[in-house]
1. Take residue 213 and decide whether it is of a type in the set (Lys, Arg), open to solvent by 50 Å² or more (accessible area, probe 1.4 Å) and in a loop (DSSP other than H, G, I, E, B).
2. Do you know which of the residues in region 1-57 that are outside any helix (DSSP H, G or I) and closer than 29 Å to residue 70 by Cβ is most open to solvent (accessible area, probe 1.4 Å)?
3. Tally time: how many residues in region 127-146 are open to solvent by 80 Å² or more (accessible area, probe 1.4 Å) and polar (S, T, N, Q)?
4. Among the residues of region 147-156, is there at least one that is over 42 Å from the mean Cα position of the chain (by Cα), open to solvent by less than 50 Å² (accessible area, probe 1.4 Å) and not basic (Lys, Arg)?
5. Filter region 174-210 down to residues that are open to solvent by 50 Å² or more (accessible area, probe 1.4 Å), within 24 Å of residue 148 (Cα to Cα), assigned to a loop (DSSP other than H, G, I, E, B) and in contact with a strand residue (DSSP E or B) (Cβ under 9 Å, 6 or more places away or on another chain), then give me how many there are.
6. Within region 116-173, which residues are among the hydroxyl-bearing types (Ser, Thr, Tyr) and in a helix (DSSP H, G or I)?
7. Inspect region 15-23 for any residue being farther than 30 Å from residue 113 by Cα and at pLDDT 85 or above and give the result as yes or no.
8. Identify, from the list 114, 95, 88, 109, the residue that is open to solvent by 100 Å² or more (accessible area, probe 1.4 Å), within 23 Å of residue 2 (Cα to Cα) and under 32 Å from the mean Cα position of the chain (by Cα).
Amino acid sequence: PLEVQDLEDEIAGLETRLENLKNEISEADKSVTNKKQEITKSEELIKKYSEQLDNVRNNREYDALTKEVEFQKLEIELQQKRIREAQKLKAEKAKAKAEKEALMEESKKRYEDKVSDLEAKKGELNDIINETHKDEEALTQKSEELSQNIEERLLTAYRKIRDNARNGLAVVTVDRDACGGCFNKIPPQRQLDIRSRKKIIVCEYCGRILIDKYICDYDGSMQ
């Protein structure tokens, strides 16, 4: 389930980035169109001023019109430069978009595989639950009966540890000098205290209750 959730988040992030890239490419297209319109406008002005140059009455008008023509030519060069920049940016965004789309296809494929695996695991789990349902009910009933003989504060602490434990285990054995819950090493003196069975000892790393692995009933299960 966690892997499926991670892939869902990854796909959602890719979709967001793809949408942003799409918008950026669209903005680049609009920018190019606007710049081309500016160039057309400048070309029309150059044509207009060039025609007026043929009818000037003095040097002052001639100089003013000449400056306007030069200005519009510079404006055309500037807009052409901006068009090249916008087209370059568009090409970069298009390349990034293509890469993200390929990555998204790969992520979707992995997601579908993980969902398929998850459904298969859920089916296996349901089969196991159905097979062990009677045993679970019997153990739950036994647990309820035994809980009547345990101090409330200890029972509350046990339930709290179990709720916080990732694998649901509140009581674990010491095996190979390590905690059976978090697998951190248990010091020799602490192991002696656990084997003495004189008090409740918890793991200093994960908080689980530690017991001697030899506390078992006749069939080998933990008491």
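The values are calculated or read from the model by the stated rules, or taken from the named source; none is laboratory data. Remember, it's a predicted structure, so these values are computed and weren't measured experimentally. Neighbour counts run over all protein chains shown; Cβ positions are idealised from the backbone, glycine included. The area values use the complete protein model at the heavy-atom level, side chains included, leaving out ligands, DNA and RNA. Shrake-Rupley method; radii C 1.70, N 1.55, O 1.52, S 1.80 Å.
1. On the way: of a type in the set (Lys, Arg): yes; open to solvent by 50 Å² or more (accessible area, probe 1.4 Å): yes; in a loop (DSSP other than H, G, I, E, B): yes.
Considered against the rule, which asks whether it is of a type in the set (Lys, Arg), open to solvent by 50 Å² or more (accessible area, probe 1.4 Å) and in a loop (DSSP other than H, G, I, E, B), residue 213 comes out as yes.
2. Let us first name the residues in region 1-57 that are outside any helix (DSSP H, G or I), namely 1, 54-57.
From the residues that got through so far, the ones that are closer than 29 Å to residue 70 by Cβ too are 54-57.
Values: 54: 127, 55: 117, 56: 45, 57: 199 Å².
The qualifying residue most open to solvent (accessible area, probe 1.4 Å) is 57.
3. 2
4. There is at least one residue in region 147-156 that is over 42 Å from the mean Cα position of the chain (by Cα), open to solvent by less than 50 Å² (accessible area, probe 1.4 Å) and not basic (Lys, Arg).
5. Going through region 174-210 one residue at a time, the tally reaches 2.
6. The answer is 116, 140, 143, 147, 156, 158.
7. First pass over region 15-23, keeping only residues farther than 30 Å from residue 113 by Cα: 23.
Checking the rest, the ones that are also at pLDDT 85 or above come to 23.
Yes - at least one qualifying residue is present in region 15-23.
8. 109
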